Amino acid sequence: MQLETLISQFQKKDEKAFEQLYNMYSDSIHGVIYNIVRDHKIAEEVMQDVFIKAWHKADTYNTSKGRFFTWILNIARNAAIDKTRSKSYKNSNKNLNAEFFVDILESTDNLNDKIDAIGIQKYVKALGEKCKKIIEYLYFKGYTQKETSEELDIPLGTIKTRNRNCIKDLRAMILE
């Protein structure tokens, strides 16, 4: 069956046309989505959502505006980007499997000897408690300033100021 006929049948809600288009494009669409979300399960889920969305919005596709593949590819790209911006996606990345961090979890102190691999342990220990906490969250736990603010229940502006001052203090100690 020619592609134009297949797309026309798809727009008329022909399930066989849907199945053929899915088989034709699913691998490519999955690859594009995976390159954005970096997780095969999530990519599979988003890909299925993309084809369902394309099915429901099939009448909006216009051959004069571009190829069908480009149309569905744009839907996929936008859906993948939306997924990475979702709260559930961000939270799932924060809650990574503990197997990846066994050596960190075995330690009783988050600012442990592992830090000394780059030689700053003595400098970080010399900082005040406020600075240690902020540096731990921002640089060793990977929190954003906003997340650190929420976690420590400190205003965002205060986190930004303290971070700047703490880094300035660290820099002064290291360069002495």
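The values are calculated or read from the model by the stated rules, or taken from the named source; none is laboratory data. Predicted, not measured: the structure shown is a model, and the values here were computed from it. Cβ: placed from backbone, ideal geometry, glycine included. Neighbour counts: every protein chain shown. For the accessible areas, the whole protein counts, side chains as well, though only heavy atoms, and no ligand, DNA or RNA atoms are used. Shrake-Rupley method; radii C 1.70, N 1.55, O 1.52, S 1.80 Å.
Some notes on this structure:
- Residue within segment 6-18 that is aliphatic (A, V, I, L, M) and without any contact (Cβ under 8 Å) to a residue 24 or more places away in the chain present: yes
- Checklist (1) touching a helix residue (DSSP H, G or I) at 6+ places or on another chain (Cβ under 7 Å); (2) open to solvent by 50 Å² or more (accessible area, probe 1.4 Å); (3) hydroxyl-bearing (Ser, Thr, Tyr) applied to residue 139, failing item: (1)
- Among the candidates 68, 51, residue that is touching a Phe, Trp or Tyr at 6+ places or on another chain (Cβ under 6 Å), modelled with pLDDT of 90 or more and open to solvent by less than 60 Å² (accessible area, probe 1.4 Å): 51
- In segment 124-161, the residues that are under 20 Å from residue 173 (Cα atoms) and among the aromatic types (Phe, Trp, Tyr): 139, 140
- Checking 123, 143 one by one, the residue that is assigned to a loop (DSSP other than H, G, I, E, B) and either assigned by TED's automatic domain parsing to the domain that holds residue 8 or modelled with pLDDT of 70 or more (or both) is 143 and no other.
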